[in-house]
Amino acid sequence: MDIKKAFDEGRFLEILDVSSEITSHEDRLLLGISLYKLGKTNEALTVLTSIYSHIDSLFPALFYIGKIHKEAGDVDLAERFIGDYLVFRPDDDEARDLLGSSSQTVLMDVSSVELARLYTSQGYFEKAVDIYSTLLSLSDDQAMKKEALCAQNLHIIKNLEGWLEEIKR
């Protein structure tokens, strides 16, 4: 049986019928989701937890892929893979040391861009502009420049509106 096709077609009960024959992790994931969709949450949790246990043991692959790229001189790929690894193993000092100060930059970029977006959405434009300014000194990301310009324009508009209100008084 083609588990993926059955899943895509919503034939969850058929997947359960052949569950004892399912061996690949991808198909076991679809089995777990099928169980969940059918309201069999305890069974789904058992299947999905076993998949996670397997995945959890594979995270070190990210570290070693990054380490190989670092040794080969490809710092960008090294940062990408070790950064991904650190998401799952944030306390791994060896991985942080391997990246040096750049590991802090990778983590700061991800969280700071999100924080800048959050500040912008909540109307704290000056704080957002300050964060974007710091990030843009480290990166030449065009999409981030557009977001920063938008936040800066909103900050200017907010200040102008405040000044207009003062003038009206």
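Structure values in brief
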| read-out | value |
| --- | --- |
| Magnitude of the charge dipole, segment 3-56, Cβ model with Lys/Arg +1 and Asp/Glu -1, debye to 20 | 120 |
| Crossing angle, helix 75-88 versus the chain [Cα axis fit, 0-90 degrees, rounded to tens] | 70 |
| Which labelled figure in (i) 114, 42, 25; (ii) 89, 28, 23; (iii) 75, 47, 25 is Cα extents along the principal axes in Å, once derived from the coordinates | (iii) |
| Which of L29, I3, A151, positive extreme of dipole for the chain (C-beta unit charges) | A151 |
| Degrees between helix 25-37 axis and first principal axis of the chain (Cα, 0 to 90, nearest 10) | 80 |
| Residue-count net charge about Y36 - beta-carbon cut-off 14 Å; Lys, Arg +1, Asp, Glu -1 | +2 |
| Distance from segment 134-169 to segment 26-72 (C-alpha centre basis), Å | 42 |
| Net +/- balance of residues flanking S19 in space, Cβ distance below 11 Å, scoring K and R +1, D and E -1 | -3 |
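Rule-based calculations on the coordinates, nothing more; no lab input. A quick note: this is a predicted structure, and the numbers were derived from the prediction, not measured. As a convention, Cβ positions derive from the backbone with ideal geometry for all residues, glycine included, and neighbour counts pool all protein chains shown.
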